[in-house]
Amino acid sequence: MASLKEKIGYALGDAAAGGITWKIMSIAFPLFFTNVFGLTFADAALLMLIARMFDVVTDPLMGSIADRTQSKWGTYRPWLIFGAIPYGLVFALLLYTPDFDPTTKRVYAYTIYLLMMALYTLVNVPYGSLLGVMTDDADERNQFSSYRMVGAYAMGFLVMFIFPYLQKAVGGTEAHQYAVLGASFGLLAAIMTSACGLLTKERLKPIRAEKFSFKQYGDLVKNVPWVFVTLTAVCTNFFNGFRYAVAGYMFTYCLGGDITFGQLIINFTVFMGIGEFVCMVFGGLSPVFTKWVGSKRMAFVWSAVICAVTSVAYFFIPMDASYIWVMVAVSILTSIGVGFYSPLLWSMYADVADYATEKNGTSSTGLIFSSGTMAQKFGGAISGSLIALLLGMAGLVSTQDMTTGETIVTITDEESVKSMVWSLFSIIPAAIAVIMGILVYKFPLKK
């Protein structure tokens, strides 16, 4: 049986990835790239689309490489231990705004963003795969998944809640604030990732297919449970991606900026951070909810229903800062659903990996879990890309002053932009939640 220290160690991995790097990339990057760094909305959209095509190749390849790794640290752990430092360093560079001309800045953004995606893959595909070799007990896997989600959401809550206060403490321009915070959070993410690799254990030995073969990719496509869980993962990340990426625009253009109550600042990071806290609590309760409902499949379905209903309800809240606490309340209800389903997804991937091993005779754990990481990046970046594209079409235009280098954002149709932002946070995620629920209801492995 795994110790509490190991479960906490495993949680540190997603506290670094899901709670720090990915959370900041999801919620801050669209707004950072267009309003601080100086990319146009078209450039930001294209950057994220290119990165996704890049991930289609790198994620499965990394899964295959990780499955064949043999070292004294194990199969998957060495990637966390030795990948931690470059992972944190490149994240810091990603939040730095260099004093370059527009063309060189564009090249810098594309290069560092793609490098960050590659390093995220290098660390997080093996991290996800760890769940398949730490234990073969289904209940213990659910516990590890819950610790993972609690770690991610707890750190996400902390990061997003304190972000505006840290910006204020750092001072200076927004570009300077992001650069300092990027370096600080990059260092913390590196330490946590390395600690995860050192504190966990690989108890199960994968049945290796020592020679690389394209047959494993064919087997993957024929694996019906894998198809269902991967489509579900894409939907969950679309659902989260739209909400997180559009939150900054919602506060900026629909609610008039930060909302203050004395010393309390409610901006887009704090708003979504409250949801992170709720996700942390209900992510920890997910195993209890699953036992009460009777199966992982039905627990996921009911979670999707919660997300769909509350997202539709959000659309009907008046677009006015005086209703902020109503917005917070409805967002909390949505986060209950997200908290319940998040641990279940990774536990389902472990079930699919076991099914594949039984069916094909060799382990493809890393390859299967790589699709989870690919779905995460695909959903997060495509949603961010679509938001930049749709807001540009609605009338939000970002340009750069060729003399001063200052980013200038103009609105050609204010009502159109506001309506688009509000829909991207509510109606579109609701439709995605419905699709997500249907997919899980049809999931072939009835556990």
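The values are calculated or read from the model by the stated rules, or taken from the named source; none is laboratory data. Worth saying up front: this structure is predicted, and the values here are computed from it rather than measured. Neighbour counts run over all protein chains shown; Cβ positions are idealised from the backbone, glycine included. Note: accessible area is taken over every heavy atom of the protein model, side chains too, but ligands, DNA and RNA are not part of it. Shrake-Rupley method; radii C 1.70, N 1.55, O 1.52, S 1.80 Å.
Structure summary
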{"quantity": "Nearest-0.05 FRET efficiency for residue 445 and residue 313, computed from C-beta distance (R0 25 Å)", "calculated": "0.20"}
{"quantity": "Overall dimensions of the stretch 47-97 by Cα: Rg and Dmax, Å", "calculated": "13.8, 40"}
{"quantity": "Most to least packed among 12-24, 111-123, 274-286 [average Cβ atoms within 10 Å]", "calculated": "12-24, 274-286, 111-123"}
{"quantity": "Helix 4-16 vs. the chain, principal-axis angle (Cα, 0 to 90°, nearest 10)", "calculated": "40"}
{"quantity": "Exposure rank, largest accessible area first [129, 295; 1.4 Å]", "calculated": "295, 129"}
{"quantity": "Helix 324-360 axis, angle to the chain major axis (alpha carbon atoms, nearest 10°)", "calculated": "30"}
{"quantity": "Net lengthening on full extension, residue 328/residue 201 (0.36 nm per residue, minus Cα-Cα)", "calculated": "41.7 nm"}
{"quantity": "Where the chain is the region considered: accessible area per residue in Å², 1.4 Å probe", "calculated": "39"}
{"quantity": "Protection proxy ranking, peptides 96-107, 428-439, 242-253, average beta carbon neighbours within 10 Å, highest first", "calculated": "242-253, 428-439, 96-107"}
{"quantity": "Euclidean distance of C-alpha centroids, the stretch 104-180 and the stretch 309-324, integer Å", "calculated": "29"}
{"quantity": "Rh by Kirkwood over Cα pairs, then Stokes-Einstein D for the chain at 0.890 mPa s and 25 °C, µm²/s", "calculated": "112"}
{"quantity": "Ellipsoid semi-axes in whole angstrom, largest first, where each is sqrt(5λ) of the Cα gyration tensor of the stretch 58-217", "calculated": "33, 21, 12"}
{"quantity": "Within the accessible area of the chain (1.4 Å probe), percent carbon and sulfur", "calculated": "69"}
{"quantity": "Crossing angle, helix 365-394 versus the chain [Cα axis fit, 0-90 degrees, rounded to tens]", "calculated": "20"}
{"quantity": "Label-point gap, in nm, between residue 227 and residue 107 - each point 7 angstrom along Cα→Cβ", "calculated": "4.4"}
{"quantity": "Restraint check, 72/201; 222/442; 296/442; 7/291; 5/201; 72/205, Cα-Cα greater than 18 Å", "calculated": "7/291"}
{"quantity": "Extended-chain gain in nm, criterion 0.36 nm per residue less alpha-carbon gap, residue 320 and residue 168", "calculated": "52.2 nm"}
